[in-house]
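Trainee: Just passing along the structure, written as structure tokens.
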Amino acid sequence: MKLEGVHHITAITADAQRNVDFYAGTLGLRLVKKTVNQDQPSVYHLFYADEQGSPGADMTFFEFPDAALGRAGAGMVHRIQWRVGSEEALDFWERRLNDAGAASSRLGSALRFSDPERLEHELVLATVPDQSLIAEHPEVPSELAIQGFEGVRAYTADAERSRDLLENALRFEPIADGWEIRGKSRGGTYAYDSPPAEPGIQGAGTVHHIAWNSNSADHEVWRERAIEHGARPTPVIDRFWFRSIYFREPSGVLFELATPEPGFGVDEDPEHLGESLILPPFLEDRREEIERILTPIQNPREKARA
């Protein structure tokens, strides 16, 4: 029984349109679900991924309009790592990001950059056999496209306090620079860096949580294992497109275990993912109220195709 790498990563934005422009426009990801925060349905929850909306490529954002910029600190993810397939891909993204006004820095076989709200990303050369999770974009050749998540780096002053939960409860394997979790079809990495002196502030441009991909049949077993090793997980929560369990690991990072089923195609034509506002069934009777609050979004990918 192993987790299948990263399922999704969720962060915070203060400006949904600017967020869509960057992730669906500049980075070439597909907006696969336009919905709302199920716990606070007055704000958007936007999902970007590959063409199929696959776990392993799913970057999501809660929009809290006009939220102040946050700052990553101890107990928070501070860098998201994505895979690309070649040095030529790194060259392409260095040019494309610079042309878009997103300064980047080349560090050997990696390219580091930040989104408009200072959320840090890094493109790294893929060295694993996992399937490439690619979105189609008219300005991004498929052989140069982003291929899904590699993993994340978080801040902690004491990585050892998280070792038992990671290794003995969740079955992460230690590697040279952190840990790897690898299932039958996919893997991902998790690593720590020493935190800055300033405390973290949750806000725009910060990661809210990271979700790991749990096979549906194993979901309750993972929950019990987390409890046995000192975590305090929530009950299984039905998020309609997946089922979730949340808990903080000992260093403070909010973990989620999420199932791959039923997926984003359960309530939307796969050819038209992300084009309409989709609400889970329990919020459908509030659609008129919710639509009055939300600001309409234009998808730059659809404009580029026109």
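The values are calculated or read from the model by the stated rules, or taken from the named source; none is laboratory data. Computed from a predicted model, the values in this text were never measured in an experiment. All Cβ positions, even for glycine, are placed from backbone atoms using ideal geometry, and neighbour counts span all protein chains on display.
Trainee: Pull up the range 250-279, narrow it to residues that are at pLDDT 95 or above and outside any loop (DSSP other than H, G, I, E, B), then point me to the one that is farthest from the chain's Cα centre (by Cα).
Mentor: Leu277
Trainee: Related question: Of all residues being in a strand (DSSP E or B) and more than 19 Å from Gly188 (Cα to Cα) in the range 80-108, which is nearest to the chain's Cα centre (by Cα)? Just the residue, please.
Mentor: Looking at residues that are in a strand (DSSP E or B) and more than 19 Å from Gly188 (Cα to Cα), I get Ser104.
Trainee: So which residues in the range 128-165 are farther than 25 Å from Glu256 by Cα and small (Gly, Ala, Ser)?
Mentor: Those that are farther than 25 Å from Glu256 by Cα and small (Gly, Ala, Ser): Ser142, Ala145.
Trainee: Could you grab the pairs with beta carbons closer than 8 Å, sequence gap of 6+ or different chains, first residue in the range 76-92 and modelled with pLDDT of 95 or more, second one of a type in the set (Ser, Thr, Tyr) and surrounded by fewer than 19 Cβ atoms within 10 Å (Cβ to Cβ)?
Mentor: These pairs meet every condition: Arg83/Ser132; Gly85/Ser132; Glu87/Ser109; Leu90/Ser109.
Trainee: Does any residue of the range 225-233 turn out to be within 30 Å of Lys34 (Cβ to Cβ) and without any contact (Cβ under 8 Å) to a residue 40 or more places away in the chain?
Mentor: Keep residues of the range 225-233 that are within 30 Å of Lys34 (Cβ to Cβ), which gives 233.
With the extra rule that they be without any contact (Cβ under 8 Å) to a residue 40 or more places away in the chain, the set shrinks to 233.
Looking through the range 225-233, at least one residue is within 30 Å of Lys34 (Cβ to Cβ) and without any contact (Cβ under 8 Å) to a residue 40 or more places away in the chain.
Trainee: Take Asn19 and decide whether it is among the polar types (S, T, N, Q) and more than 28 Å from Pro250 (Cα to Cα).
Mentor: Spelling it out, Asn19 is indeed among the polar types (S, T, N, Q) and more than 28 Å from Pro250 (Cα to Cα).
Trainee: Another question, if that's okay. Within the range 227-253, how many residues are out of contact with any helix residue (DSSP H, G or I) (no Cβ under 8 Å at 6 or more places or on another chain), of a type in the set (S, T, N, Q) and buried (at least 17 other Cβ atoms within 10 Å of the Cβ)?
Mentor: 1
Trainee: Find the residue count for the range 109-137, including only residues that are closer than 21 Å to Asn299 by Cα, surrounded by fewer than 20 Cβ atoms within 10 Å (Cβ to Cβ) and under 17 Å from the mean Cα position of the chain (by Cα).
Mentor: 2
Trainee: Report yes if Thr10 is farther than 25 Å from Leu144 by Cβ and part of a strand (DSSP E or B), otherwise no.
Mentor: Taking the combined requirement at face value, the residue satisfies it.
Trainee: Okay, moving on. Here are some residues: Arg106, Arg79. Which one is buried (at least 19 other Cβ atoms within 10 Å of the Cβ) and among the basic types (Lys, Arg)?
Mentor: On inspection, the qualifying residue turns out to be Arg79.
Trainee: Moving to a separate point now. Exactly one condition in (1) in contact with a strand residue (DSSP E or B) (Cβ under 9 Å, 6 or more places away or on another chain); (2) at pLDDT 90 or above; (3) of a type outside the set (Ser, Thr, Tyr); (4) farther than 15 Å from Gly53 by Cα is false for Ala304; which is it?
Mentor: (2)
Trainee: With the structure loaded, tell me whether Thr26 is touching a His at 6+ places or on another chain (Cβ under 8 Å), on the phi < 0 side of the Ramachandran plot and of a type in the set (Val, Ile, Thr) or whether it fails that test.
Mentor: no
Trainee: Tell me which strands (runs of 3 or more DSSP E) are completely within the range 130-238 and hold 1 or more residues being modelled with pLDDT of 95 or more and of a type in the set (Gly, Ala, Ser), or say none if there are none.
Mentor: Those strands (runs of 3 or more DSSP E) span 149-155, 178-182, 187-193, 207-213.
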